[in-house]
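Any read-out appearing in this document is the output of simple, stated calculations on the displayed coordinates, not a laboratory observation. Note that the structure is a prediction, hence the values are computed from the model and not measured. Cβ atoms come from the backbone with ideal geometry, glycine included; neighbour counts cover every protein chain shown.
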Amino acid sequence: MTSIRVVVMVVMATVVVFALTERPICVQGRNIHHSGDQLASRKNVSCILVFGDSSVDPGNNNHLNTSFKANFPPYGKNLANGQCTGRFTNGRLPTDMTAESLGIKKMIPAFLDPKLKKEDLLTGISFASSASGYDNLTAQLTDMHNEGATRLVVVGLPPLGCMPLVRTVSGSTRCVGSFNSAAFLMNSKIQDKLAALRSSLRMKIGYEDIYSLFERARKFPKEYGFTETSKGCVGSGEIELGDTCKGQTTCKDPSKYMFWDSVHPTEKMYKIISDDVTRLVKRHILI
């Protein structure tokens, strides 16, 4: 039981960072993409860089010696032709949809993908990796600033105690308070640190409060089109994660579920997150 809890914390308790930049890595990529509303190009943002964990890993772990992979069914079930790209969900990730909303590209590729093209490097890539960590947020954000990132979005942690796997291994029918308290405390510390960084680095840094977003969707599921918020769509919905999803059946309509496996959200929930991030970017970052 203890080992499963540790896995959940490692997989999901990692800060996600979007870096919107025009130099020096991505400056040549400006105006390459011509779909979407083109807001990003009008604001001199040529690419999006993503750092984080399995919630935004588009397939980097496919090329690493690790057991944390999602390049097999039923992952990717609702992507075109049921592609198993390595995304830990049934479709696209929030970073994919945010990039499309900003007119940059439809899907963010994995940095380790051997099929990666030069054009991908110029318009946006993801360095995210499942089960990775983010040890020193201040140092990492400072390094990004020094490399030319002027606009950042930092995504906090969701209510970890409400994940189906955590509830199952804890033997609880309700969200586990200790996990939620830990996530809430970390989010508070992140926000305090970002306030200091905004001043010292003079950067536009947005904070996406997905903790509150998850809580609203859980408490008022009908407003978001959900009928199931306590179990995942795969298998029993209580313990399936990664390899244990292989060969499992899935629910009839994933859009009615908040979670895909017992830890990761469905594309529907990711779309809700993406829409919120996009609003944040448009109102407070790209101004």
- If we scan region 152-165, do we find a residue that is farther than 21 Å from residue 233 by Cβ and either among the basic types (Lys, Arg) or surrounded by fewer than 18 Cβ atoms within 10 Å (Cβ to Cβ) (or both)? no
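If I filter region 231-254 down to residues being among the hydroxyl-bearing types (Ser, Thr, Tyr) and surrounded by fewer than 19 Cβ atoms within 10 Å (Cβ to Cβ), which single residue comes out as nearest to residue 174 (Cα to Cα)? Give the derivation first.
The first filter runs over region 231-254 and keeps only residues among the hydroxyl-bearing types (Ser, Thr, Tyr), leaving 236, 244, 249-250.
Keeping just the survivors that are surrounded by fewer than 19 Cβ atoms within 10 Å (Cβ to Cβ) gives 236, 244, 249.
Working: 236: 17, 244: 23, 249: 25 Å.
Filtering first and then ranking leaves 236.
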- Query: From the list 123, 98, which residue is in contact with a strand residue (DSSP E or B) (Cβ under 6 Å, 6 or more places away or on another chain), farther than 22 Å from residue 245 by Cβ and of a type in the set (S, T, N, Q)?
  - Reply: 123
- Message: With the condition being within 13 Å of the chain's Cα centre (by Cα), I'd like the helices (runs of 4 or more DSSP H) fully within region 76-152 carrying at least 1 qualifying residues.
- Response: 94-101
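Taking region 81-120 only, how many residues are among the aliphatic types (A, V, I, L, M) and in contact with a Cys (Cβ under 8 Å, 6 or more places away or on another chain)? Can you show your working first?
Of the residues in region 81-120, the ones among the aliphatic types (A, V, I, L, M) are 93, 97, 99, 102, 104, 107-108, 110, 112, 116.
Filter again for in contact with a Cys (Cβ under 8 Å, 6 or more places away or on another chain), leaving 104.
Residues meeting the conditions: 1.
Within region 52-65, can you find the residues that are surrounded by fewer than 22 Cβ atoms within 10 Å (Cβ to Cβ) and either in contact with a strand residue (DSSP E or B) (Cβ under 7 Å, 6 or more places away or on another chain) or assigned to a helix (DSSP H, G or I) (or both)?
In the first step, residues of region 52-65 are kept if they are surrounded by fewer than 22 Cβ atoms within 10 Å (Cβ to Cβ); the result is 62-65.
Correct list: 62, 63.
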- residue 213 being over 19 Å from the mean Cα position of the chain (by Cα), in contact (Cβ under 8 Å) with a residue 24 or more places away in the chain and within 19 Å of residue 155 (Cα to Cα): no
- Query: residue 68 passes all but one of (1) surrounded by fewer than 19 Cβ atoms within 10 Å (Cβ to Cβ); (2) in contact (Cβ under 8 Å) with a residue 12 or more places away in the chain; (3) outside any helix (DSSP H, G or I); which number fails?
  - Reply: (1)
- For residues that are under 19 Å from the mean Cα position of the chain (by Cα) and in a loop (DSSP other than H, G, I, E, B), scanning just region 153-202, find the one that is farthest from residue 265 (Cα to Cα). 156
- Item | Answer from 147, 208 - the residue that is in contact with a helix residue (DSSP H, G or I) (Cβ under 6 Å, 6 or more places away or on another chain), closer than 30 Å to residue 46 by Cα and not hydrophobic (A, V, I, L, M, F, W, C) | 208
- Task: Taking the residues in region 255-287 that are part of a loop (DSSP other than H, G, I, E, B) and in contact with a Phe, Trp or Tyr (Cβ under 9 Å, 6 or more places away or on another chain) as candidates, determine which candidate is surrounded by the most Cβ atoms within 10 Å (Cβ to Cβ).
- Result: 260
